[in-house]
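The values are calculated or read from the model by the stated rules, or taken from the named source; none is laboratory data. Note that the coordinates shown come from a computational prediction; the quantities given were computed from them, not determined experimentally. Cβ sites come from the backbone with ideal geometry, for glycine too, and all protein chains shown count toward neighbours. SASA here: full protein model, heavy atoms, side chains in, ligands and nucleic acids out. Shrake-Rupley method; radii C 1.70, N 1.55, O 1.52, S 1.80 Å.
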Amino acid sequence: KWENNIMKSKKLWTKDFSCITLATVLSAIGGEAMTLPVSLLVFDETQSAFLSSLVMICGILPDVLLPIFIAPFIDKAGKKKWILGMDLMLAAVYAGMGFWVGRHTFHFLLYLLFTLTVGTISVIYRLAYASWYPDLIPRGMEQKGYAVSSTLYPTVIIIMSPIAAFLYENLTIDRIFFLVTGITLCSVITESLIREAKKAAASSYTLRQYCTDIREGFSFLKKEKGIRNIYANMSVMQGTSDGLSIITQVYFQTQPYLGATMLGFLISSEMTGRLLGGLLQYKKEVPVNKRYPFTKAVYLIYSLADMALLFLPYPAMLANRFFCGSLGICSATIRESAVQSYLPEQMRARVNAFFNVLFAVGGVAFQFLAGALGQLIPYRAVAVLLGGMGVGSVFLFIVLPAADNRPVYEAERS
């Protein structure tokens, strides 16, 4: 009865949706309050960019393989249990670090292990969250729901970046760990208030069933060309965007008329664009029959803007990133609401896991490529090459196979 009522509702801000939104905000605040201080501390203590990068890479490594292996378990069990369990584990890790670092001197390997542990927990949390979130959005409110979700992180980043730096400068690292522990526990309390549709009790999960579920996931992807095309393109575009971020950073650091402060404003400009784009998407939805042509146009414009970025005067760079941020968040909202509506509920975690791996591999590959090319050719040429790869990907995976992609973009929850 509860499930039928929630599906028939035309009101977005139900109790459950409000709770998951608040919990998401709290988790994002805790993540930002912890990530920047740890990054600053490691560099201050080691004075090594290489060692600092190793800490960041350890946070990404679990994304490469773990999602595929853990996804069948998430699909079989209640998502709420995974969400609460992972947040409780995070709180325990933060608290343990707080007690340890308050009594011992800096130890690089400890922070390496810390980021690897948090990265592992976060992979499982994100998979469960991505699979559960669509069920908490009332039917017909998907685009508005994902518009809300897409504005949360840009907003938190804009607000929390200076606050996190202030915390690092004014609090000891152990107190920051304890502060984030408290924020995470508040998130757990909020998540516990969300209702979850009851499922029939599952029998013991055998190795044979596990292998069958893995095969089912790949079999589903083999049949769904549109899903494969959309996320293959996103892997390339996300990777080229990550690579461009590296090239843009070093370009700003090597130009006498630019610098780190102006780079910070460039990032803020894109985040502001994302925030306003998400608000616009919340107020005005793109009609179902316009989703595919709209996102296709956005992908092409975004890649062309990437190619032109480093050739523009600084004010035009700000406008470039603001415009791309606004368009990008709109297309991302449409893609996520359409794809998650298209996927069967029992397949979401497995399919999302596969593409999490694809995104992680693409990000690492293109960041490495960008860094290597930056040693050989001018930074502007690298930006043009990366943007050109994005344009090629859009034509190969989005424009040409229109017959396979359009049904996914026009999907609505049944």
Given the structure, is Leu263 open to solvent by less than 70 Å² (accessible area, probe 1.4 Å), free of Cβ contacts under 8 Å to residues at least 24 places away in the same chain, part of a helix (DSSP H, G or I) and closer than 23 Å to Ile159 by Cβ?
yes
Inspect the stretch 291-298 for any residue being without any contact (Cβ under 8 Å) to a residue 24 or more places away in the chain and either closer than 20 Å to Asn233 by Cβ or part of a helix (DSSP H, G or I) (or both) and give the result as yes or no.
yes
In the stretch 242-259, residue modelled with the highest pLDDT [restricted to those that are of a type in the set (Gly, Ala, Ser) and farther than 16 Å from Gly392 by Cβ]
Ser245
Somewhere in the stretch 71-93, is a residue under 23 Å from Gly362 (Cβ atoms), hydrophobic (A, V, I, L, M, F, W, C) and either at pLDDT below 90 or out of contact with any Leu (no Cβ under 9 Å at 6 or more places or on another chain) (or both)?
yes
Would you please list the contacts, defined by Cβ atoms under 9 Å and residues six or more apart or on different chains, that run from a residue in the stretch 229-257 that is over 16 Å from Ala360 (Cα atoms) and in a helix (DSSP H, G or I) to a residue that is hydroxyl-bearing (Ser, Thr, Tyr) and open to solvent by 30 Å² or more (accessible area, probe 1.4 Å)?
Ile247/Tyr379; Thr248/Tyr379; Val250/Tyr379; Tyr251/Tyr379; Thr254/Tyr379
Identify the residue in the stretch 89-110 that is of a type in the set (A, V, I, L, M, F, W, C) and either surrounded by fewer than 16 Cβ atoms within 10 Å (Cβ to Cβ) or on the phi > 0 side of the Ramachandran plot (or both) and, among all such residues, is nearest to the chain's Cα centre (by Cα).
Ala92
Determine whether the stretch 221-241 contains at least one residue that is open to solvent by less than 30 Å² (accessible area, probe 1.4 Å) and at pLDDT below 80.
yes
A careful count of residues in the stretch 134-146 that are surrounded by fewer than 20 Cβ atoms within 10 Å (Cβ to Cβ) and of a type in the set (Ser, Thr, Tyr) gives 0
Out of (1) in contact with a helix residue (DSSP H, G or I) (Cβ under 9 Å, 6 or more places away or on another chain); (2) surrounded by fewer than 17 Cβ atoms within 10 Å (Cβ to Cβ); (3) part of a helix (DSSP H, G or I); (4) of a type in the set (A, V, I, L, M), what's the single condition that is false for Ile377?
(3)
Only one of these conditions is not met by Ala372: (1) in a helix (DSSP H, G or I); (2) among the hydrophobic types (A, V, I, L, M, F, W, C); (3) modelled with pLDDT under 80; (4) within 30 Å of Tyr125 (Cα to Cα). Which number is it?
(4)
Evaluation of Ala411 against (1) closer than 19 Å to Val339 by Cα; (2) out of contact with any helix residue (DSSP H, G or I) (no Cβ under 9 Å at 6 or more places or on another chain) (one fails), failing number:
(2)
Could you look through the stretch 277-300, keep only residues that are within 21 Å of the chain's Cα centre (by Cα) and of a type in the set (S, T, N, Q), and pick out the one that is modelled with the highest pLDDT?
Thr295
